[in-house]
Amino acid sequence: MALRPVQVNIKALDGSAVGRFWAEALGWTAYSPGVTTYVGPAGGLVWPDPVFVCVDVVPVPEPKTAVKNRVHLDLATTSPAHQAELVARLKALGATPVDVGQADVPWTVLADPEGNEFCVLEPREIYRDTGPVAAIVVDCVDPRAMARFWGEALGWTLHEVTDDHASLRSAQGVGPYLEFLRTPDVKTVPDRVHLDLLPYAGDDPAAEVARLRALGATDLDLGQGDVPWTCLADPEGHEFCVLAPS
């Protein structure tokens, strides 16, 4: 049994505008199947995408606080020229440079039009085949423990683990990496960005949720009411949802 991450959920005051930004940033298309704005590869809405972890922008009434998000996207580039072009294009679309204490690094830290941080990486061989999203990065206290939980939850392959960093990728070797980066701070505000997971065809969603609880996940009440998905938190409190098959 395992779950697959199908989308990165981003909360926004103006979901349509933030969705359009991310569509331009990733070279994908913004679709509006309902109240949310779904961003996925061009060619028509396919959900779930068979390869990529896509983006779903959900409108909310609360703006982002000044606290740095504990989940962010790293964008892949193929050359120094591509990195420079992408950074310039994103700034023209409304992204702004941000200082999260990164000092002198070869990647560029930006924020989308509503302040959600992300990185445009310098070319790295490891990300050559991930698509536009190189990695979904989670700040945490204990990367080893987080890798154990999420590796069991997703059935993904562990590629690297140290006290400071851990990375996982799908067993099929496609799509982005899921990475855990040790940080000294702890979670203090609700997540503005989180993962949505989906059971595989034929698997029982209730059984999957029970399995996650046994691994250390806890139930989460965000005021969601009676909805077909289940809100949970991982062992360090990062929110995520287990969706119901459509």
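The values are calculated or read from the model by the stated rules, or taken from the named source; none is laboratory data. Since this is a predicted model, take the numbers as computed values, not measurements. Positions of Cβ are generated from backbone atoms using ideal geometry, with glycine treated the same way; all protein chains shown enter the neighbour counts. With ligands, DNA and RNA removed, areas are computed over all heavy atoms of the protein, side chains included. Shrake-Rupley method; radii C 1.70, N 1.55, O 1.52, S 1.80 Å.
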* What number of residues within region 29-77 are in a loop (DSSP other than H, G, I, E, B) and in contact with a His (Cβ under 8 Å, 6 or more places away or on another chain)? -> 1
* With respect to LEU212, determine if the residue is open to solvent by less than 70 Å² (accessible area, probe 1.4 Å) and assigned to a strand (DSSP E or B). => no
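For every residue, the table says whether it meets (1) more than 26 Å from GLY173 (Cβ to Cβ); (2) among the polar types (S, T, N, Q); (3) in contact (Cβ under 8 Å) with a residue 60 or more places away in the chain.
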residue	(1), (2), (3)
ALA25	no, no, yes
ALA30	yes, no, no
PRO33	yes, no, no
ASP74	no, no, yes
LEU90	yes, no, yes
ALA111	yes, no, no
* Sort out which residues of region 171-190 are open to solvent by less than 10 Å² (accessible area, probe 1.4 Å) and not in a strand (DSSP E or B), and write them in order of number. => GLY175, PRO176
* Looking at region 198-209, is at least one residue closer than 22 Å to ILE10 by Cα, touching a residue at least 40 places away in the same chain (Cβ under 8 Å) and out of contact with any Ser or Thr (no Cβ under 7 Å at 6 or more places or on another chain)? -> yes
* Structure fact -> Reported set for region 217-244 where residues are assigned to a loop (DSSP other than H, G, I, E, B) and open to solvent by less than 70 Å² (accessible area, probe 1.4 Å) is ALA217, LEU220, GLY223, GLN224, GLY225, VAL227, ASP234, GLU236, GLY237, HIS238, LEU243, ALA244
* To do: Among residues belonging to region 55-65 that are surrounded by 15 or more Cβ atoms within 10 Å (Cβ to Cβ) and in contact with a Leu (Cβ under 9 Å, 6 or more places away or on another chain), point out the one that is farthest from ARG4 (Cα to Cα).
  => LYS64
